[in-house]
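Each remark here refers to the structure printed beneath this line.
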There are 2 protein chains.
Amino acid sequence: MVKHRIQQTRKNMNDKLYSITELAEEFDITPRAIRFYETKNLLAPQRAGATRVYNYRDRARLMLVLRGKRLGFSLEDIKEYIDLYDADRSRSEQLAHLMLVGRRRIEELEQQLEDVQTTLKELRTIENEAIDSLREKGIDPEKAVADIKAKLVAETA
Amino acid sequence: MVKHRIQQTRKNMNDKLYSITELAEEFDITPRAIRFYETKNLLAPQRAGATRVYNYRDRARLMLVLRGKRLGFSLEDIKEYIDLYDADRSRSEQLAHLMLVGRRRIEELEQQLEDVQTTLKELRTIENEAIDSLREKGIDPEKAVADIKAKLVAETA
DNA sequence: CAACTGATTTACGCATACGTAAGCCCATAA
DNA sequence: TTATGGGCTTACGTATGCGTAAATCAGTTG
């Protein structure tokens, strides 16, 4: 029974449809951006008349796009990446192409992984040094940070 | 003696100066890009007359810029990051600010680390599936990839 | 039925990150 | 001395990734 309920739930999830603004609000982007991705062939939602209607697959693709953006890839690169998912797996030439393009991406990402780890180390070192310096001055680092933050917020207003 | 020689070597390394094209060629970018970074205050080489002369510190900064770019950061963000290195460590307010900005960057990079790892997993899965599919078809995956690669190179020419 | 909400297209605008001349200066090799 | 190889500045051009009207249209509400 429980299993059945879960199946139902998941089915409902997968059947769920989204408007462009729903997706925009969920991912904190503008409808304009979503439409722009469509012009770049990153999305292809159904239409109800002229109105775009997104299903869970469209939503998943959008999430891939946004992750790609966080990684600093261009929309063109992201398209190539998404195409890897949708690539025709029947022809062996396509499979080989998939491997080729995928491996290039993997190399890039391995470099990026290294860069991120290096930078994280550096930033944590800087942070720890700052904490030590503040303690030596008899200042509570956390309080100092909170104060600065409050001050910056105040300046914004 | 050996130590002395090492010192000498390092001293020579540190004293080494570079022209703009030398740096450009070393990092596979254009002199124009390097000059552009300077207009954005990411670099500030000495001048011999009008000619830019870069020392090892300038070179290190350039490397930081390029790593930031690989991470997908804007030049403005990169400047903020570099400024963390050069920040005034004497005033406690500066130290607190350093912590604040550094922590924001750390959060971003932790998200990015997660994204990179997730994407790498997905790509490796895709690659392995492609390899399996090709093997099932009695095709040597490595040869297939090499063939596709050669074909694409041929098309370019 | 008018007004309001939310969606669509078309189109111009804008910041980022350089590319690409164009024109000029300077040094060194032939 | 001429020319050839950098380097410099100024300035306009360009691709990417949307933002921002402006005008329109369909559906809902008072």
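Looking at the range A:94-106 only, could you name the residues that are more than 7 Å from chain B (Cβ to nearest Cβ) and over 14 Å from B:THR119 (Cβ atoms)? Working first, answer last.
First, pick out the residues of the range A:94-106 that are more than 7 Å from chain B (Cβ to nearest Cβ): A:94, A:101, A:104.
Of everything in the range A:94-106, just one residue is more than 7 Å from chain B (Cβ to nearest Cβ) and over 14 Å from B:THR119 (Cβ atoms), namely A:GLN94.
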Qualifying position, being closer than 30 Å to B:ARG135 by Cα and not acidic (Asp, Glu), among A:GLY68, A:GLY72, A:GLY102: A:GLY102
Residue in the range A:136-155 that is in contact with a His (Cβ under 8 Å, 6 or more places away or on another chain), at negative phi and either more than 8 Å from chain B (Cβ to nearest Cβ) or hydrophobic (A, V, I, L, M, F, W, C) (or both) present: yes
Neighbours by Cβ (under 8 Å, 6+ apart or cross-chain): first from the range B:28-39, under 20 Å from B:ARG70 (Cβ atoms); second open to solvent by less than 90 Å² (accessible area, probe 1.4 Å) and near DNA strand C (Cβ under 6 Å from one of its atoms): B:TYR37/B:LEU75
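For the condition of a type in the set (Asp, Glu), open to solvent by less than 60 Å² (accessible area, probe 1.4 Å), under 26 Å from the mean Cα position of the chain (by Cα) and closer than 22 Å to B:PHE27 by Cβ, what is the one hit in B:ASP115, B:ASP58?
On the way: B:ASP115 fails: closer than 22 Å to B:PHE27 by Cβ.
Result of the check over B:ASP115, B:ASP58: B:ASP58.
Out of the residues in the range A:17-43 meeting the condition of being under 15 Å from A:ILE78 (Cα atoms) and within 13 Å of DNA strand C (Cβ to nearest atom), tell me which one is most open to solvent (accessible area, probe 1.4 Å).
Let us first name the residues in the range A:17-43 that are under 15 Å from A:ILE78 (Cα atoms), namely A:33-34, A:36-43.
Within this subset, residues satisfying the condition of being within 13 Å of DNA strand C (Cβ to nearest atom) are A:33-34, A:36-39, A:43.
Values: A:ALA33: 23, A:ILE34: 0, A:PHE36: 78, A:TYR37: 15, A:GLU38: 35, A:THR39: 93, A:LEU43: 9 Å².
So, considering only residues that are under 15 Å from A:ILE78 (Cα atoms) and within 13 Å of DNA strand C (Cβ to nearest atom), the one most open to solvent (accessible area, probe 1.4 Å) is A:THR39.
Looking at A:ASP58, A:ASP83 in this structure, which one is within 18 Å of B:THR125 (Cβ to Cβ) and in a helix (DSSP H, G or I)? Steps first, please.
Details: A:ASP58 fails: within 18 Å of B:THR125 (Cβ to Cβ).
The conditions single out A:ASP83.
Rundown of residues vs (1) within 10 Å of chain A (Cβ to nearest Cβ); (2) touching a His at 6+ places or on another chain (Cβ under 7 Å); (3) at pLDDT 95 or above, yes/no style:
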{"residue": "B:ARG5", "(1), (2), (3)": "no, no, no"}
{"residue": "B:ARG10", "(1), (2), (3)": "no, no, no"}
{"residue": "B:LYS16", "(1), (2), (3)": "no, no, no"}
{"residue": "B:PRO45", "(1), (2), (3)": "no, no, yes"}
{"residue": "B:THR51", "(1), (2), (3)": "no, no, yes"}
{"residue": "B:SER74", "(1), (2), (3)": "yes, no, yes"}
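The values are calculated or read from the model by the stated rules, or taken from the named source; none is laboratory data. As the structure is a prediction and not an experimental result, all values here were calculated from the model. We place every Cβ from the backbone using ideal geometry, glycine too, and count neighbours over all the protein chains shown. Please note that ligands, DNA and RNA were not included when accessible areas were found on the heavy atoms of the full protein model with its side chains. Shrake-Rupley method; radii C 1.70, N 1.55, O 1.52, S 1.80 Å.
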